[in-house]
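Participant: Right, I'll just put the structure down here and ask away after.
The values are calculated or read from the model by the stated rules, or taken from the named source; none is laboratory data. Keep in mind it's a predicted model, so treat the numbers as computed, not measured. Positions of Cβ are generated from backbone atoms using ideal geometry, with glycine treated the same way; all protein chains shown enter the neighbour counts.
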Amino acid sequence: MDWTWFHRFGSPPHLYGLAGKLTPWFAWPAALLILAGLYGGLALAPPDYQQGDGFRIIYVHAPSAWLSLMAYTWMAAAAAIGLVWRMKVAHAVAASCAPIGAWFTVAALCTGMLWGKPMWGTYWVWDPRLTAELVLLFLYLGYIGLRSAIEDPQRADRASAVLAIVGVVNVPIVRYSVEWWNSIHQAPSVMKFGKPSISWPMLTPLLIMFVGFTLLFVALMLVRARGEILRRERQSRWVSEVVAQ
Amino acid sequence: MSGFLSMGGYASSVWPAVALTFGIIVWNVVAARRSFAAARAEARRRVSMEQAP
């Protein structure tokens, strides 16, 4: 098998340039979709028969939670690729995912608390899903803390990669917690096998938000990854050519 | 319009949740750009130091 594409793809200057070109193609559609999804969810979708207009928090809560899990999965996969193939750019991608994922874990937790207060009567319960999402935040913070504690970037890459890979076990726990255990948290309405259990006028804005948040994550990750590549390649000749422009 | 703003009595939950998420999105855009700009400035400084006699 011809592996040249793999090495070309993994070459830092190639990826640096590619990421710069791709960013607007993710960022602008993300902005449009998120604004459209918010309008659809807050203004157009009909109120829920049980939760009234309170259910509209789903349009910011579920996409944030989705982004928090997606970022971790990407981070762990990139870290594993970086470890196995000793690929610098993969470590750069992994390091870029962590702050984004951590922020949207905070968003998922806080919007969930704001939703919990009127519906469950409390901001917080030590429910399996809520606890696992909190553990996700601690994994992100541990990863970020470990990186900043190690001076040498390559050692930081390797040590934090191990943490990222071990922690990925928490992702299916968050995802399936509402099915494995008796949970106060409602069961999934979209991300499940078979037909979604919410009606199309409610579902469409939510799907738009999911796509928008996915594109937003990729755009943010690309911008951060370019910086991380520059930090790792500071000795290289191509960097001096790129920043001199 | 007032019905939209009152969110059927859930305004005190819905609007803070929307505002918080929106704020986190905006902050992430700013932070990502800053992180890249800092790395670029750092690299530029290093290059100019190497080129200095």
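Participant: From the list A:121, A:145, exactly one residue is out of contact with any helix residue (DSSP H, G or I) (no Cβ under 7 Å at 6 or more places or on another chain), closer than 22 Å to residue A:56 by Cβ and not aliphatic (A, V, I, L, M). Which is it? Walk me through it before giving the result.
Facilitator: On the way: A:145 fails: closer than 22 Å to residue A:56 by Cβ.
Among A:121, A:145, only A:121 is out of contact with any helix residue (DSSP H, G or I) (no Cβ under 7 Å at 6 or more places or on another chain), closer than 22 Å to residue A:56 by Cβ and not aliphatic (A, V, I, L, M).
Participant: Give region A:146-176 a look and list any residue that's in a helix (DSSP H, G or I), within 24 Å of residue A:86 (Cβ to Cβ) and not aliphatic (A, V, I, L, M), or say none. Give the steps one after another, and end with the answer.
Facilitator: First pass over region A:146-176, keeping only residues in a helix (DSSP H, G or I): A:146-149, A:153-167, A:170-176.
Checking which are within 24 Å of residue A:86 (Cβ to Cβ) leaves us with A:146-149, A:153-167.
Answer for region A:146-176, where residues must be in a helix (DSSP H, G or I), within 24 Å of residue A:86 (Cβ to Cβ) and not aliphatic (A, V, I, L, M): A:147, A:148, A:153, A:154, A:155, A:157, A:158, A:160, A:167.
Participant: Between B:22, B:36, which is more than 7 Å from chain A (Cβ to nearest Cβ), closer than 21 Å to residue A:213 by Cα, without any contact (Cβ under 8 Å) to a residue 24 or more places away in the chain and surrounded by 13 or more Cβ atoms within 10 Å (Cβ to Cβ)? Walk me through how you get there before you give the answer.
Facilitator: Numbers: B:36 fails: more than 7 Å from chain A (Cβ to nearest Cβ).
After ruling out the rest, the residue left standing is B:22.
Participant: Follow-up. Evaluate the following for residue B:45: is it facing chain A (nearest Cβ under 8 Å) and among the basic types (Lys, Arg)? Explain how you work it out, then say what you get.
Facilitator: Details: facing chain A (nearest Cβ under 8 Å): no; among the basic types (Lys, Arg): yes.
For residue B:45, the condition - facing chain A (nearest Cβ under 8 Å) and among the basic types (Lys, Arg) - is not met.
Participant: All but one of (1) over 26 Å from residue A:32 (Cα atoms); (2) more than 7 Å from chain A (Cβ to nearest Cβ) hold for residue B:6; which doesn't?
Facilitator: (1)
Participant: Residues in region A:18-29: is at least one in contact with a helix residue (DSSP H, G or I) (Cβ under 7 Å, 6 or more places away or on another chain) and within 9 Å of chain B (Cβ to nearest Cβ)?
Facilitator: Our first condition is that a residue be in contact with a helix residue (DSSP H, G or I) (Cβ under 7 Å, 6 or more places away or on another chain); within region A:18-29, this holds for A:19-20, A:22-23, A:26-27, A:29.
Subset that is within 9 Å of chain B (Cβ to nearest Cβ): A:27.
Yes.
Participant: Out of all the residues in region A:62-75, is one or more closer than 23 Å to residue A:156 by Cα, facing another protein chain (nearest Cβ under 8 Å), touching a residue at least 40 places away in the same chain (Cβ under 8 Å) and surrounded by fewer than 24 Cβ atoms within 10 Å (Cβ to Cβ)?
Facilitator: Step one: filter region A:62-75 for residues closer than 23 Å to residue A:156 by Cα, giving A:68-75.
Narrowing further to those that are facing another protein chain (nearest Cβ under 8 Å): none.
Within region A:62-75, not a single residue is closer than 23 Å to residue A:156 by Cα, facing another protein chain (nearest Cβ under 8 Å), touching a residue at least 40 places away in the same chain (Cβ under 8 Å) and surrounded by fewer than 24 Cβ atoms within 10 Å (Cβ to Cβ).
Participant: Has region A:190-213 got any residue that is within 14 Å of chain B (Cβ to nearest Cβ), part of a helix (DSSP H, G or I) and small (Gly, Ala, Ser)?
Facilitator: As a first pass, look at region A:190-213 and keep what is within 14 Å of chain B (Cβ to nearest Cβ): A:205-206, A:209-210, A:212-213.
Narrowing further to those that are part of a helix (DSSP H, G or I): A:205-206, A:209-210, A:212-213.
Checking which are small (Gly, Ala, Ser) leaves us with A:212.
Checked region A:190-213: at least one residue is within 14 Å of chain B (Cβ to nearest Cβ), part of a helix (DSSP H, G or I) and small (Gly, Ala, Ser).
Participant: Right, residue A:236: within 7 Å of chain B (Cβ to nearest Cβ), modelled with pLDDT under 95, surrounded by fewer than 23 Cβ atoms within 10 Å (Cβ to Cβ) and over 20 Å from residue A:76 (Cβ atoms) or not?
Facilitator: Working: within 7 Å of chain B (Cβ to nearest Cβ): no; modelled with pLDDT under 95: yes; surrounded by fewer than 23 Cβ atoms within 10 Å (Cβ to Cβ): yes; over 20 Å from residue A:76 (Cβ atoms): yes.
No: the conditions fail for residue A:236.
The rows are residues; the columns are (1) free of Cβ contacts under 8 Å to residues at least 12 places away in the same chain; (2) exposed (fewer than 15 other Cβ atoms within 10 Å of the Cβ).
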site	(1), (2)
A:38	no, no
A:42	no, no
A:46	no, yes
A:51	no, no
A:95	no, no
A:110	yes, no
A:113	yes, no
A:124	yes, yes
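Participant: Shifting gears a bit: Taking region A:99-108, which residues are farther than 13 Å from residue B:25 by Cβ, surrounded by fewer than 24 Cβ atoms within 10 Å (Cβ to Cβ) and in contact with a helix residue (DSSP H, G or I) (Cβ under 6 Å, 6 or more places away or on another chain)?
Facilitator: Once the filter is applied, which keeps residues that are farther than 13 Å from residue B:25 by Cβ, surrounded by fewer than 24 Cβ atoms within 10 Å (Cβ to Cβ) and in contact with a helix residue (DSSP H, G or I) (Cβ under 6 Å, 6 or more places away or on another chain), region A:99-108 yields only A:102.
Participant: What number of residues within region B:10-19 satisfy the criterion of being assigned to a helix (DSSP H, G or I) and either within 13 Å of residue A:106 (Cα to Cα) or within 7 Å of chain A (Cβ to nearest Cβ) (or both)? If you could, list the steps in order and put the result at the bottom.
Facilitator: The first filter runs over region B:10-19 and keeps only residues assigned to a helix (DSSP H, G or I), leaving B:11-19.
Now restrict to residues that are either within 13 Å of residue A:106 (Cα to Cα) or within 7 Å of chain A (Cβ to nearest Cβ) (or both): B:13-14, B:16-18.
Going through region B:10-19 one residue at a time, the tally reaches 5.
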